[in-house]
Amino acid sequence: MTTGKTFVTLALCLAVVLSIIGCDEDKDKKPTAVQDMESLEKNQKRLMESVKPPQLKNSLAREAIARRLKELDQKNAISYIYLVSDSGKVIAYYTVSGVVQSLNSYLTAMEQVVEVERKQTVADNNKTELVTMEAPDNDGTFGKNPDGIFFFTTEGARVEWNGKFLWVSQPMKLSQQPELIQVLKDKPSAPEAP
């Protein structure tokens, strides 16, 4: 926040305090709350002048975010996920093809703006108004997905999970066997139509 914005914010806070206190206080004596606010404002201004924010030559935070995004944008990326119980035990381990994704990610917006008719008043000439409503999902249904994640294994299986997980770019050595073991089989055939 810039010095000017901070000063304006503190001045507005001071004005609010004064309006709350009202006119009952002695006009020559400032209320304690006002004195405290002025003292804080003066101290903050002094600190901002004496300790300027550094001008960074690099931004490791931005570089890390960009690196992560580039890594996640690899079409044939392989990663590893460990699904963990609330007690910290590894329930399952998978090799992931692509990315781990939130179940609440959608390809389309989940809200839509629609024009609806409304009751007219004598002074109102507008027959319609714009209202924000829930939009249907691509499958035509409404509602929110459960919280959780989904991913596809390197064998092509879809896995959904609503618990804790550890997702890494290199496999980790487990000190204990996972509770669930993935059994690799041929993909099941679709049931025959009756």
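Ser97 fulfils the conditions (1) farther than 26 Å from Gly163 by Cβ; (2) touching a Gly at 6+ places or on another chain (Cβ under 9 Å); (3) surrounded by 13 or more Cβ atoms within 10 Å (Cβ to Cβ) except for a single criterion, (1).
State the number of residues belonging to segment 124-154 that are in a loop (DSSP other than H, G, I, E, B), in contact (Cβ under 8 Å) with a residue 12 or more places away in the chain and either exposed (fewer than 10 other Cβ atoms within 10 Å of the Cβ) or under 25 Å from the mean Cα position of the chain (by Cα) (or both).
Matching residues across segment 124-154 total 8.
Pairs meeting the criteria (first residue in segment 30-44 and touching a residue at least 12 places away in the same chain (Cβ under 8 Å), second residue surrounded by 11 or more Cβ atoms within 10 Å (Cβ to Cβ) and among the basic types (Lys, Arg), beta carbons under 9 Å, at least 6 apart or on different chains) are Glu38/Lys30. Just one residue in the set Val51, Val131 is touching a strand residue (DSSP E or B) at 6+ places or on another chain (Cβ under 7 Å) and either at pLDDT below 85 or among the hydrophobic types (A, V, I, L, M, F, W, C) (or both); that residue is Val131. Checking each residue of segment 70-93 against the condition of being of a type in the set (A, V, I, L, M) and part of a helix (DSSP H, G or I) gives at least one match. Looking only at segment 31-75, which residues are farther than 28 Å from Gly98 by Cα, among the acidic types (Asp, Glu) and surrounded by fewer than 11 Cβ atoms within 10 Å (Cβ to Cβ)? Across segment 31-75, the qualifying residue is only Glu49. Take the residues of segment 98-123 that are farther than 15 Å from Gly143 by Cα and part of a loop (DSSP other than H, G, I, E, B): which is modelled with the highest pLDDT? Among residues in segment 98-123 that are farther than 15 Å from Gly143 by Cα and part of a loop (DSSP other than H, G, I, E, B), the one modelled with the highest pLDDT is Arg118.
The values are calculated or read from the model by the stated rules, or taken from the named source; none is laboratory data. Just so you know, these numbers come straight off a predicted model, no measurement behind them. All Cβ positions, even for glycine, are placed from backbone atoms using ideal geometry, and neighbour counts span all protein chains on display.
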